[in-house]
1. Among residues belonging to the range 167-200 that are over 14 Å from the mean Cα position of the chain (by Cα) and outside any helix (DSSP H, G or I), point out the one that is surrounded by the most Cβ atoms within 10 Å (Cβ to Cβ).
2. Out of curiosity, is Ala203 within 20 Å of the chain's Cα centre (by Cα), surrounded by fewer than 18 Cβ atoms within 10 Å (Cβ to Cβ) and touching a residue at least 60 places away in the same chain (Cβ under 8 Å)?
3. Of the residues in the range 44-65, how many are within 13 Å of Val239 (Cα to Cα) and among the hydroxyl-bearing types (Ser, Thr, Tyr)?
4. Is it the case, given these coordinates, that Ala174 is touching a residue at least 24 places away in the same chain (Cβ under 8 Å) and either out of contact with any helix residue (DSSP H, G or I) (no Cβ under 9 Å at 6 or more places or on another chain) or not charged (D, E, K, R) (or both)?
5. Hey, among the residues in the range 224-283 that are among the charged types (D, E, K, R) and either without any contact (Cβ under 8 Å) to a residue 12 or more places away in the chain or surrounded by fewer than 13 Cβ atoms within 10 Å (Cβ to Cβ) (or both), which one's nearest to Met201 (Cα to Cα)?
6. Can you tell me which residue among Ala101, Ala83, Ala77 is modelled with pLDDT under 80, small (Gly, Ala, Ser) and within 22 Å of Ala154 (Cα to Cα)?
7. Say we look at the range 11-63 and pick out the residues that are in a loop (DSSP other than H, G, I, E, B) and among the polar types (S, T, N, Q); which of these is surrounded by the most Cβ atoms within 10 Å (Cβ to Cβ)?
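The values are calculated or read from the model by the stated rules, or taken from the named source; none is laboratory data. No experiment lies behind these values; they were computed from the predicted model shown. With ideal geometry, Cβ positions are generated from the backbone for all residues, glycine too; neighbour counts draw on all protein chains shown.
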Amino acid sequence: MSIIEAIIIAIVEGLTEFLPVSSTGHMIIAQSLLGVESNEFVKAFTVIIQFGAILSVIVLYWRRFFRFREVPGSENAGFLKYALYKYEFYWKLLMGFIPAAILGFIFNDMIDELLESVLVVSIMLVLGGILMLFVDRWFNRPEDGEQEITYKNAFIIGCYQCIAMIPGVSRSMATIVGGMSRGLSRRNAAEFSFFLAVPTMAAATGYKLLKLIMSDTGFELLKENIGVLIVGNVVAFIVALLAIKFFIGFVTKYGFKLFGWYRIIVGGILLALLLSGYELTII
């Protein structure tokens with residue numbers, strides 16, 4: 001993979017990671033169009049550059065991300081009560097993270113196989129797009145400030161996140177729809193989706209990096225391509241910062257319908273190309 005190819009794929013990742021359009025699907029499409037060979041490093045690269053996108057969430061929302069509740073009567077509170085109350089935000093993120101962590105570990109090899117299918121991406125883009133056309137009508141909630149998320153809702157949103165293991169679904173779309181189905185406004189559902197991305201993507205990045213290092217040639221591949229990884233993460237970070245700012249303002253004002261039409265058009269074009277015999281495969 002060249003630096004130019006890495007930059008293009010990282011731009012795609014940064015633009016699409018937090019939008020309900022499937023970053024994985026778009027990176028697969030970009031890789032296919034660029035003719036990038038799908039080897040051990042390239043598969044790891046598309047996951048590891050998500051770390052840059054994670055940092056953009058932490059930088060933009062650092063005041064809310066690093067928040068600790070004051071514990072009333074803390075001098076008399078037991079350790080468990082103190083820890084549960086003070087770090088409640090992080091326990092809720094953990095509840096949302098657990099379903100994807102378990103299923104991702106169990107079905108990791110199957111997910112890797114699906115990542116090579118442009119057909120799967122195309123179909124899921126269209127189906128997800130159709131869903132996006134009706135989300136605002138089904139779950140219309142007023143944008144009335146920050147809403148409290150219960151442990152139960154965090155876990156249910158985490159279950160929705162598991163659907164995004166199918167390339168083309170979009171982790172952002174699945175978790176936002178999950179949040180709105182639990183009574184959250186568009187803005188609050190989107191922001192919790194961003195927060196939940198941090199442990200989820202950090203775990204995926206760490207696991208993929210460890211898996212690469214533990215493979216026979218992985219460590220050498222990592223050393224040879226460390227510059228490509230650094231550039232990819234920096235580009236993904238910068239682009240994701242801009243994308244998040246745009247997305248929150250846009251979706252709060254206009255909703256998700258435009259993203260739905262975008263998914264349908266892109267997925268439809270890909271399906272038409274595949275049906276006409278055009279080669280859109282991961283090499």
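1. The selected residue is Leu184.
2. Details: within 20 Å of the chain's Cα centre (by Cα): yes; surrounded by fewer than 18 Cβ atoms within 10 Å (Cβ to Cβ): yes; touching a residue at least 60 places away in the same chain (Cβ under 8 Å): yes.
Taking the combined requirement at face value, the residue satisfies it.
3. 1
4. Numbers: touching a residue at least 24 places away in the same chain (Cβ under 8 Å): no; either out of contact with any helix residue (DSSP H, G or I) (no Cβ under 9 Å at 6 or more places or on another chain) or not charged (D, E, K, R) (or both): yes.
In short, no.
5. Initially, the range 224-283 is screened for residues among the charged types (D, E, K, R), giving 224, 245, 253, 257, 263, 279.
With the extra rule that they be either without any contact (Cβ under 8 Å) to a residue 12 or more places away in the chain or surrounded by fewer than 13 Cβ atoms within 10 Å (Cβ to Cβ) (or both), the set shrinks to 224, 245, 253, 279.
Working: Glu224: 24, Lys245: 20, Lys253: 28, Glu279: 31 Å.
Filtering the range 224-283 for residues that are among the charged types (D, E, K, R) and either without any contact (Cβ under 8 Å) to a residue 12 or more places away in the chain or surrounded by fewer than 13 Cβ atoms within 10 Å (Cβ to Cβ) (or both), the one nearest to Met201 (Cα to Cα) comes out as Lys245.
6. Working: Ala101 fails: modelled with pLDDT under 80; Ala77 fails: within 22 Å of Ala154 (Cα to Cα).
Answer to the selection: Ala83.
7. Here is the first cut: in the range 11-63, the ones in a loop (DSSP other than H, G, I, E, B) are 17-22, 35-39, 49, 61.
If we keep only those that are among the polar types (S, T, N, Q) too, we end up with 22, 38-39.
Details: Ser22: 29, Ser38: 16, Asn39: 13.
Result: Ser22.
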